[in-house]
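Inspection log for the structure reproduced underneath, given as structure tokens.
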Amino acid sequence: MRWAVLFLLSISQCLAAADVRMLGFVRISGDAYRPTLFNPENFCTDFQGWTEKPVLDLRQFLSFDFEGLSLKWRADITGSAEFAGGRGGESDFLVNQLFFQKELTESSVLIFGRAIQRWGTGYAFNPADIVAPDKDLADPNNTEKRAVGNDMVMLEYYGLSFSLAACALANIRIRNGLHLRNGRLALRFYKNIGPVDLSILTLFQNGETPVWAGSFAGVIGERLEIHGEIRFQKSTAAAAPALSHEILIGFQITMPGDILCVSEYIYRSRGLSRDAWHRALDASVSYTGLLDGPYAESAAAGLLRNLSVFSPQGAMRHYLMIHGSSPSFRRLTAQTTCLLNPSDRSLVLIPAMNWRTGKSFTFYLRSYIFLGKAGSEFGEFFQSCRWEFGLRVSL
Amino acid sequence: MKKTIGLLLALVIVVVSLRGDETQGILERIDAFRIPYSDFLIQVRITSYERDKVKEEALFDSYISGDDRSLVIAREYKTRGMKILYVKENMWVHLPNTHRPIRITPIQRLMGEASNGDIARVGFGEDYDAELIEETDHDGVPCARVLLKARTESSTYARIILTVHRRDYRPLRAEFFLLSGKHFKTATYDEYSPIAGKLILTRMTIRDEVRRSRWTVLEYERIEQKSIPDRYFNKNYLVHVRDLK
């Protein structure tokens, strides 16, 4: 794999047809831990400086766009390599997108291959995004890692103020023959009515009831944008409510001084209530109590994953996200994101500052601060805070 | 008596409609200095200054179609390949390496003192109603001051006071106001060049009225007749738009 990355790095600069982007990060970080269920080893410390060894992280993004055989072709490939002090390097190679596009008529386009489609209007949450590729939940901090697309055939018709899309998706595996799994059909009707975008979406999938969804976005006045999404699915499980639903409502406002503020609230009927969360924690206390050492640690990690704590999926029924960012002042920008769980009033606060120097270099300082009472979602997280300081190089 | 009232009413209607035609005529004459063709491409170089120093520079291609549609693509910018679509009162942005366009508000700054609407919109006729408020002098030139009032709240500015040349209605200066009434920015129309047999604006400067040390210069480097297919003005097609040459 490492050879593939090195090969990619070496040939990319020679490809005139490709859009080549290279990102490099050098960062150091430090953490503070607290004794919780997710920290069975009880390694409890206050923040003691930059304790983690420096990490060098290189990513090469290649986008090829070319026309041939009256088709447009596109490929997005990512190669990444990470070198941490005291550890060897780790590398990865991903084909994020590889598809061809054919303009069938002046108003209709066919896409065939592995492509990334994002539907919906939300920023932090997208319940209506029925074609979104899966995110890497194991690494929610890694915002630069691009998703790998779905294998699909998509036909979209573009009218003057509307569009109609039909998208057949499947997981294709070529091993001992061609295998199609998890076949799905997604449809979207989009219409612009005055200052509002409206979309109706549906997803049909094998062995499951159809998903119905809708989204809207509109602008009110000169500063305010509002958006929302809704998703319904009839439940087949006997114990579950007859209809599961998710509702998102949010806004974006440009405040005086060009400060941008985005806020979103999401309700998920399938999410854990405060009582259900405590029951899950109690069950886990009994389980991890039977284990020792590394087993307990892996059980805690498994619990984190199962509950989707601190992930875009989330575990709980309600979340409120607030994000604010300032315009550049002497090349300095500041931003803060807050994810609040209103049920137990725990939150994670992510303040960050960037200082841009030259066209390609940005220094950044970012922190993740987990606040809440013991037993609450973010209060029970094994870290109490994490600080990162780094240099981002973009070429 | 009834006849007299009828005649008076008819006279009022005629005067009002003449007045409407007259104000609409003003906008057409003003816009003629910015719109050389029905469908065209403008290449805009934007340089933003702070205390006499260049802060940022960028080059945008703006494809204009009719009165109410435009597609702006960043050619040289920190987010090269960024696209802004403007259809009627709607505005969306698509950033490179993302997979869907998002809605933006007209007031959001594109770069320096230039808002999205300053780049994406070239004419006033579609968004504003005009009213002649006074005749005056501007640097010794006989001028008229025209008040433009936004027809919808989603126009880039709520109110604009435009100073135009009294003879041909060529814009010389514009004062931009927000819904709150705040004087937000001032633009001066610095240079006109002959294009397609007409005088067309080729350079303007926008000054921030709050932070007076900042200003942004917009230079229209290339203006040519060009039309692109309708699908390029559909929000969902934005993700497929590549460099248009």
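The values are calculated or read from the model by the stated rules, or taken from the named source; none is laboratory data. In this text, all values refer to a predicted model and were calculated from it rather than measured experimentally. Note that each Cβ is placed from the backbone with ideal geometry, even for glycine, and that neighbours are counted across all protein chains shown. When the accessible area is computed, the model is the full protein with side chains, heavy atoms only, and any ligands, DNA or RNA have been set aside. Shrake-Rupley method; radii C 1.70, N 1.55, O 1.52, S 1.80 Å.
The figures follow:
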quantity: Residues that are closer than 30 Å to residue A:318 by Cα and open to solvent by 40 Å² or more (accessible area, probe 1.4 Å), drawn from segment A:76-123; calculated: A:118, A:123
quantity: The one condition in (1) without any contact (Cβ under 8 Å) to a residue 40 or more places away in the chain; (2) within 30 Å of residue A:328 (Cα to Cα) that residue B:101 fails to fulfil; calculated: (1)
quantity: Segment A:150-168 - residue that is hydroxyl-bearing (Ser, Thr, Tyr), part of a strand (DSSP E or B) and out of contact with any Lys or Arg (no Cβ under 6 Å at 6 or more places or on another chain) and, of those, nearest to the other protein chains (Cβ to nearest Cβ); calculated: A:163
quantity: All positions within segment B:46-55 that are open to solvent by 50 Å² or more (accessible area, probe 1.4 Å) and either hydroxyl-bearing (Ser, Thr, Tyr) or touching a residue at least 24 places away in the same chain (Cβ under 8 Å) (or both); calculated: B:49, B:51, B:55
quantity: Verdict on residue B:57 being within 11 Å of chain A (Cβ to nearest Cβ), touching a Ser or Thr at 6+ places or on another chain (Cβ under 6 Å) and at pLDDT 85 or above; calculated: yes
quantity: Some residue of segment A:320-335 being at pLDDT 90 or above, open to solvent by 40 Å² or more (accessible area, probe 1.4 Å), touching a strand residue (DSSP E or B) at 6+ places or on another chain (Cβ under 6 Å) and closer than 15 Å to residue A:388 by Cβ; calculated: yes
quantity: Complete set of residues in segment B:183-200 that are within 18 Å of residue B:146 (Cα to Cα) and either in a loop (DSSP other than H, G, I, E, B) or not basic (Lys, Arg) (or both); calculated: B:183, B:184, B:186, B:187, B:188, B:189
quantity: Single residue of segment A:136-148 satisfying the filter (more than 9 Å from chain B (Cβ to nearest Cβ) and crowded, with 16+ Cβ neighbours inside 10 Å) that is modelled with the lowest pLDDT; calculated: A:145
quantity: Within segment A:377-395, tally of residues that are of a type in the set (Ser, Thr, Tyr) and modelled with pLDDT of 85 or more; calculated: 1
quantity: Strands (runs of 3 or more DSSP E) lying entirely in segment A:43-135 (those with 1 or more residues that are modelled with pLDDT under 75 and more than 28 Å from residue A:29 (Cα to Cα)); calculated: A:55-68
quantity: Strands (runs of 3 or more DSSP E) enclosed by segment B:87-177 - at least 3 residues per element that are closer than 23 Å to residue A:197 by Cβ, of a type outside the set (Val, Ile, Thr) and within 14 Å of chain A (Cβ to nearest Cβ); calculated: B:90-94
quantity: Top-ranked residue in segment A:169-200 [being within 13 Å of another protein chain (Cβ to nearest Cβ) and more than 18 Å from residue B:233 (Cβ to Cβ); ranked as surrounded by the most Cβ atoms within 10 Å (Cβ to Cβ)]; calculated: A:188
quantity: Output for segment B:203-242, where each listed residue is basic (Lys, Arg) and either without any contact (Cβ under 8 Å) to a residue 24 or more places away in the chain or surrounded by 20 or more Cβ atoms within 10 Å (Cβ to Cβ) (or both); calculated: B:203, B:211, B:212, B:231, B:235, B:242
quantity: Of residues in segment B:104-153 being over 16 Å from residue B:88 (Cα atoms) and β-branched (Val, Ile, Thr), the one most open to solvent (accessible area, probe 1.4 Å); calculated: B:133
quantity: Cross-chain or 6+ apart pairs with Cβ under 6 Å, segment A:105-123 first and within 8 Å of another protein chain (Cβ to nearest Cβ) and small (Gly, Ala, Ser), then crowded, with 16+ Cβ neighbours inside 10 Å and assigned to a loop (DSSP other than H, G, I, E, B); calculated: A:120/A:126; A:120/A:128; A:120/A:129
quantity: Qualifying residues in segment A:201-238 (those that are touching an Asp or Glu at 6+ places or on another chain (Cβ under 6 Å) and closer than 29 Å to residue A:182 by Cβ) - the one most open to solvent (accessible area, probe 1.4 Å); calculated: A:231
quantity: Failed criterion for residue B:72 (all others in (1) part of a strand (DSSP E or B); (2) closer than 27 Å to residue A:226 by Cα; (3) open to solvent by 20 Å² or more (accessible area, probe 1.4 Å) hold); calculated: (3)
quantity: Any hit, segment B:73-84, residues being out of contact with any Leu (no Cβ under 7 Å at 6 or more places or on another chain), β-branched (Val, Ile, Thr), more than 23 Å from residue B:189 (Cα to Cα) and at the interface with chain A (Cβ under 9 Å from one of its Cβ atoms); calculated: no
